[in-house]
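These notes concern the structure reproduced below.
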Amino acid sequence: MIKNIKKLIQKLGDKDPSVRRRAAEDLSGGDERAIYPLIKALSDENAGVQDASMRSLIAIGARDGYSGEVVGYMVLPLLRENSYLRNTALIILTALDGVAVPLLYPLLKDKDDDIRKFAIDLMGDIKKGVEPSMIMPLLKDPNANVRAAAAKNLGLLGYRDSIPELIKALKDEEWVCFSALYALGELKAEEAVRDIASLLANSSKAVCFAAIEALGKLGSDKAVDALIGYLPKASVDEGSAVIKSLIQIGITPEMADLSGHLIKMLKDGDWEEKEIALKGIVSLNCREAVPVLVDIAGSLDPSLPESEERIALLRDAISSMDPEDELLNVLDSPDMKYRGKSFAIEILGITRSKKAVSKLVDYLDDMRRDLRRASAEALGEIGEPGSTGHLLEVSQKDVDAHVRRSAIKALGNIRAKDAFKALMDLLEVEKYYDVIEEIVESLIKIDADIFLADIPKYRDNVREIIAKTVSDVDVLSKLADDQNKKVKVAAIYGLGRAATDDATAMLISFLRDRDSDIRKAAVVALGETHYCPPELFNALQDDDPWVRFYTIKAIAFSCDKEKAISMIGTMLHDEFIPVVMSAIDAIGEIGGREAYEALAQHEEHPNPDVRDKIKETLKSL
């Protein structure tokens, strides 16, 4: 409890709004003497003072039951004030939780319609300690808004004894009917199905939609019958709502008659409706929808951010429906666009369709690059040895490097022994680096022992790719002594991936190399191993500033938090500013009290950019 409460109350009248705001904040630790001044401060001209006063009243009210009652009692009159004060009072009373509930019961009989409604809504928000039977009589209130509030909140409070009266409220004014439908849905009132269903054909469009939604929430077989019975009469929009409610209840194989409606939703609906229909199609295992789904996937623009997620959703849906025959028919269809066919081919590969192999082999000769590429990748997924010869021909003769690369990858996935020699020959003549990468990876998959037996005979770029690909420490250690610097650096990074004792011992030895690029690679690789040898700390004094720069990052990744901050903190005096900035970032990412103290010592750094960076980092800590 604060001791200077009188002085703080006086400061609420200060001319400076920042003084008033701080006083309001500090009064959160006050007693009941602070309540009335804080309520007055809710009308302050400064928004910051208003917000601080509201939060302090909530804090005082939450302290104990007595304080909560006092705050609640003194805030109640604000419900009759302007909209801002009224909304603030609603926030405070809701935050007081069940303590405020007894104060609200008398308001249910208030002469002001709005006050009665506010009291009901507050009870629905608070819930704790509310006696719903006290709200029941207001279903017959003379004011429609009050009746609607009573209906809605009886549903929110889960008061099943109100169901008979809520059913009667379905015949009330439209606004009350909406609330009654909502409440009956929340209560899952199966006994209300007949009365709700009667609204479908004899009400406004808005009430009809609300009734459809309520039937979906009920989760009852009777509700299913009512919804399916209404579907033939429903408009397009209503039909979508019916399907949504049926899916919410749970579509079963017995509802196969819905297939036509679901497919129509797929074709004509917006994306949200398509997603709803998709759930129903999967539940029914509706394979006749597969061509439509493929066509939708093919129509999506892959460059748009949302397309990737949508295509994945369609792919998963189709894959779950045993779609082999339908997808094969798609490949034969002259009306399907090439993107759709490419998508179908991808799924045939994912599902490892043996029946698709002959068709996919034919598509390896298609004029459209994307179809040739997709077919090669799918054949690799299927893994049928009989396709090896066709893939070999594509890998050597296709005019498009992307297609050749896909064929080579497929041969590696199949682990086709008879492709080994042809790929070795191809390795000698291929020009594109990414294709060479795929050849190396495939040869390793097919027969690593033979391929890696005589590494020195390969070209520089091949040795570099091997260093980037393999994880065998013996192979990497040999490549780490290669005369070509690119190969050597790639092998050092590979030793970091391997992270064995032998690998880390070699990396430590490279910290003494004459070439700064080699030392830098060794530092980065040690960071990947998350190993923190004493030699790594020595690299902080390296003559090359970029070695020091990357050493800071490696220490932050690998070393004990306290030790890392201690060692990196010494680099805040480095003459190379990027090193200093790296040290600040690393200490900030480690975080904690030690990080704050390490940076706070350098707030007056001579470099203005460094000072700004330190201040910014200290704020985040």
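The values are calculated or read from the model by the stated rules, or taken from the named source; none is laboratory data. Because the structure is predicted, anything quoted here is derived from the model rather than measured. Please note: Cβ atoms are built from the backbone with ideal geometry, for glycine as well, and neighbour counts cover all protein chains shown. For accessibility, only protein heavy atoms count, side chains too; no ligands or nucleic acids. Shrake-Rupley method; radii C 1.70, N 1.55, O 1.52, S 1.80 Å.
Observations on the structure shown:
- Checked against the criterion of being buried (at least 20 other Cβ atoms within 10 Å of the Cβ), among the charged types (D, E, K, R), without any contact (Cβ under 8 Å) to a residue 60 or more places away in the chain and over 16 Å from Ile58 (Cα atoms), the range 106-121 contains one or more residues that satisfy it.
- If the condition is being surrounded by fewer than 17 Cβ atoms within 10 Å (Cβ to Cβ), touching a residue at least 24 places away in the same chain (Cβ under 8 Å) and assigned to a loop (DSSP other than H, G, I, E, B), then the range 384-425 contributes Asp400, Arg415.
- Helices (runs of 4 or more DSSP H) completely within the range 285-366 that count 2 or more residues being among the basic types (Lys, Arg) and within 17 Å of Glu275 (Cα to Cα): 305-319
- Residues that are part of a helix (DSSP H, G or I) and closer than 16 Å to Glu594 by Cα, drawn from the range 556-571: Ala556, Lys561, Glu562, Lys563, Ala564, Ile565, Ser566, Met567, Ile568, Gly569, Thr570, Met571
- Candidate set: the range 447-461, residues that are surrounded by 13 or more Cβ atoms within 10 Å (Cβ to Cβ) and of a type in the set (Asp, Glu); chosen: the one nearest to Asp474 (Cα to Cα): Asp447
- Residue that is least open to solvent (accessible area, probe 1.4 Å), among those in the range 310-341 that are more than 14 Å from Asp295 (Cα to Cα) and of a type in the set (S, T, N, Q): Ser319
- Arg63 vs. criteria closer than 30 Å to Ser18 by Cβ and at pLDDT below 90: yes
- Selection of first residues in the range 201-229 that are farther than 20 Å from Val176 by Cβ and of second residues that are basic (Lys, Arg) and open to solvent by less than 40 Å² (accessible area, probe 1.4 Å), restricted to Cβ pairs under 8 Å at least 6 apart or on distinct chains, gives an empty result.
- Output for the range 29-40, where each listed residue is among the charged types (D, E, K, R) and open to solvent by less than 70 Å² (accessible area, probe 1.4 Å): Asp31
- Candidates in the range 13-46 are the residues that are part of a loop (DSSP other than H, G, I, E, B) and of a type in the set (Asp, Glu); of these, the one that is nearest to Leu85 (Cα to Cα) is Asp44.
- Subset of the range 426-446 that is farther than 16 Å from His402 by Cα and at pLDDT 95 or above - its residue that is most open to solvent (accessible area, probe 1.4 Å): Lys445
- Taking first residues from the range 92-104 that are more than 14 Å from Arg63 (Cβ to Cβ) and partners that are open to solvent by 20 Å² or more (accessible area, probe 1.4 Å) and among the acidic types (Asp, Glu), the Cβ contacts under 7 Å between residues at least 6 apart in sequence or on separate chains come to Thr94/Asp125.
- Exactly one residue out of Glu441, Glu464 is under 22 Å from Val524 (Cβ atoms) and among the acidic types (Asp, Glu), and it is Glu464.
- Looking only at residues in the range 41-54 that are surrounded by 17 or more Cβ atoms within 10 Å (Cβ to Cβ) and not polar (S, T, N, Q), the one that is farthest from Arg20 (Cα to Cα) is Met54.
- Single condition Leu231 does not satisfy, out of (1) farther than 26 Å from Ile263 by Cβ; (2) in contact with a Gly (Cβ under 7 Å, 6 or more places away or on another chain): (1)
- Residues that are among the β-branched types (Val, Ile, Thr) and surrounded by 18 or more Cβ atoms within 10 Å (Cβ to Cβ) were ranked within the range 559-577; the one that is nearest to the chain's Cα centre (by Cα) is Ile565.
- Candidate set: the range 604-621, residues that are in a loop (DSSP other than H, G, I, E, B) and surrounded by 11 or more Cβ atoms within 10 Å (Cβ to Cβ); chosen: the one modelled with the lowest pLDDT: Leu621
- When the range 196-230 is limited to residues that are open to solvent by 60 Å² or more (accessible area, probe 1.4 Å) and of a type in the set (D, E, K, R), the one that is modelled with the lowest pLDDT turns out to be Asp221.
- Restricting attention to the range 161-191, the residues that are within 37 Å of the chain's Cα centre (by Cα), within 19 Å of Met123 (Cα to Cα) and part of a helix (DSSP H, G or I) add up to 6.
- Restricting attention to the range 108-129, the residues that are under 18 Å from Leu156 (Cα atoms) and either part of a helix (DSSP H, G or I) or among the charged types (D, E, K, R) (or both) add up to 14.
- Ala312 out of contact with any Phe, Trp or Tyr (no Cβ under 6 Å at 6 or more places or on another chain) and either without any contact (Cβ under 8 Å) to a residue 12 or more places away in the chain or at positive phi (or both): yes
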